[in-house]
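Note sheet for the following structure.
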């Protein structure tokens, strides 16, 4: 597996606490934003996936905080596939502050499921191929 996706944005005022630091609850939102952009870059649309009867369910989140992210700085978020199994995969994230220091390391586990069942199913071939060979 290769390929590392990159996206950047500016930290907004409504995302920080009284100290001007991104509130920890917003980090999971940042992971979601980056993940959806990663899918889009791969050519995987959530709308299309759902119309085909599939969804990816988060079954684990791990976040490690190294340094704060602050209001108005531009952050760089990197996403890559760490591992893939028959019905699940793990994405790895690194978020860097404007000074280029790694501020956040995170992983999310995702499980492929048929909509409404909540039970694992094998990843459809086209999604599996895109995840194994991302063209980023």
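For residue 24 and residue 72, the difference between the fully extended length at 0.36 nm per residue and the C-alpha to C-alpha distance is 15.6 nm. Ordered by the number of other Cβ atoms lying within 10 Å of each residue's own Cβ, fewest first, 38, 105 fall into the sequence 105, 38.
Give the separation of the Cα centroids, the range 1-41 to the range 77-114, in Å. Measuring centre to centre over Cα atoms gives 11 Å.
Taking 0.36 nm per residue of separation and subtracting the current Cα-Cα distance, fully stretching the chain between residue 45 and residue 117 would add 23.9 nm.
Each residue in 88, 67, 51 was given a count of other beta-carbon atoms within 10 angstrom of its own, and listing them fewest first yields 51, 67, 88. The value of relative contact order for the chain, using C-alpha pairs under 8 Å at least six residues apart, is 31 percent.
As a proxy for reagent exposure, 115, 84, 75 were ordered by neighbouring Cβ count within 10 angstrom, fewest first; the result is 115, 84, 75. Dividing the Cα convex hull volume of the chain by residue count, how many Å³ per residue is that? Once divided by residue count, the hull of the chain is 109 Å³.
Laboratory data are not the source of any read-out in this text; all were calculated from the coordinates shown. These figures come from a predicted structure and were not determined experimentally. Cβ sites come from the backbone with ideal geometry, for glycine too, and all protein chains shown count toward neighbours.
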